[in-house]
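Report on the following structure.
The values are calculated or read from the model by the stated rules, or taken from the named source; none is laboratory data. Just so you know, these numbers come straight off a predicted model, no measurement behind them. Please note: Cβ atoms are built from the backbone with ideal geometry, for glycine as well, and neighbour counts cover all protein chains shown. Side chains are part of the model used for accessible areas, which takes the heavy atoms of the whole protein and leaves out ligands, DNA and RNA. Shrake-Rupley method; radii C 1.70, N 1.55, O 1.52, S 1.80 Å.
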Amino acid sequence: MRHLIDFGDLTRQEWDGLYARASQIMDRPEDFLEVCRGRVMASVFYEPSTRTNFSFQAAMLRLGGTVFGFADPKSSSAAKGESLKDTVKMVSGYADVVVMRTPWEGSAKAASLYSDVPVINAGDGGHMHPTQTMADLTAITRLLGRADGLSIGLCGDLKNGRTVHSLIKAMAKFENIRFFLISPRELAIPGYMRAFLQERGMGFTEVTGLEAVIPQLDVLYMTRIQKERFVDPLEYERNKGVYVLTRRKLERAKEKMLVMHPLPRVDEIAVDVDDDPRAAYFRQARYGMFARMALLADLANQPRLDQTGAVEIGTKPVCRNPRCITRTEGYLPPLVRQIGGVDCCAFCDGALS
């Protein structure tokens, strides 16, 4: 059973195949109207979403499939205390593919252990968001003609930015990529992502200012400071509004640099940037629908499992990350994997020591 939990699950060859299919869909959508006829997608969103939720629903409907689900956990049995495992077992009995978003890091990985059908991670807390990365790579490749040999600036909340983490992992599959990591020190990328970059020999520079590096960039990927990810409200107040991209700042950028954003934006991109030809974020959102169509055409048509394999029952959480799914779902097995030579939780990637 293939799932998409982390973009790292895909090989470069598999991604190239998905991009080729997405391009075919963009060029000849009429050829794909029946690809998922008779297939059903479950949209399981425990966290608010506009683009990702609508994009997946539109993608499945355009392929001829149907959709059911919830966008508010209060309308599901989760409000009655139902475990993630039981919800997934039930939903996967009705659907051919499950698309899940939750605020708990590692939840999509946990769901994949118990699902009878493919699980797609539509965002798990501040951890990963692989299908947003598919949208990002589709936009970059379509608009620049390549994804190798790029200088990419990632700006904003890099600590909690799941889109940023997924994009870094994805770019490890491409050649001659250099990152400029632009953030306040307290919102710098987490240790496991820094270890990932170092382990793969990927070039990166960490800076706190945007204007000094903008002339070097082929892609500027802006992110919002995410209020919902902060435990301390004062920390959010200190950091909100720290980076704002304006038309004036774009004067120093390359003529064909792409300005990207996973959206929604708050105040980090001024409205006057929208009319600049380098502003790609609304096109990026549309390309995401085509990328998700390519993914659903594959995963929704996989044969379902008659029965999932036995999974070890956990006895106590081994992960110290308070946002990890293992902290609330105590039956999960204590899975461990190494990242940069360090033992990490296989659900949320947090270091265990």
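Can you grab the distance from the C-alpha centre of the range 1-61 to the C-alpha centre of the range 79-108, Å, no decimals? Distance between centres, Cα-based: 19 Å. In summary, the lysines within cross-link reach of residue 249, defined as a Cα separation below 30 angstrom excluding same-chain residues under 8 places away, comprise 159, 169, 227, 240.
Annotation for residue 9 and residue 74: the two label points, set 7 Å from Cα along the Cα-Cβ direction, are 3.1 nm apart.
For residue 217, the residues whose amide H sits under 5 Å from its own are 254, ignoring neighbours fewer than 5 places away on the same chain, with H placed 1.01 Å from N. The share of accessible area on the chain that comes from carbon and sulfur is 50 percent, using a 1.4 angstrom probe.
Long hydrophobic helices in the chain: none of the complete DSSP H runs spans 15 Å or more by Cα along its own axis with mean Kyte-Doolittle hydropathy of at least 1.6. Mean projected area of the Cα convex hull of the range 52-142, taken over all directions, amounts to 6.4 nm². Taking amide H atoms as placed 1.01 Å from N in the peptide plane, the amide H of residue 69 lies under 5 Å from those of 43, each 5 or more residues away in sequence or on another chain. Using bins of 10 Å that start at zero, the share of Cα-Cα pairs per bin across the chain amounts to 5, 25, 34, 25, 9, 1, in whole %. Using the 1.4 Å probe convention, the accessible area of the chain works out to 43 Å² per residue with neighbouring protein chains retained.
Each residue of the range 244-251 was assigned a 3J(HN,Hα) from its phi angle through the Karplus curve 6.51 cos²θ - 1.76 cosθ + 1.60 (θ = phi - 60°); the sequence is 9, 8, 10, 4, 4, 5, 6, 4 Hz, with glycine and proline shown as x. Between residue 282 and residue 338, what FRET efficiency comes out of the Förster formula 1/(1 + (r/R0)^6) with R0 = 41 Å and r the beta carbon distance, rounded to 0.05? In this case the efficiency is close to 0.55. GNM remark for the chain: springs join alpha carbons under 10 Å apart, and the peak mean-square fluctuation among 172, 110, 291 falls on 172. Distance between the modelled labels on residue 313 and residue 211, one decimal in nanometres: 6.2 nm (7 Å Cα→Cβ projection).
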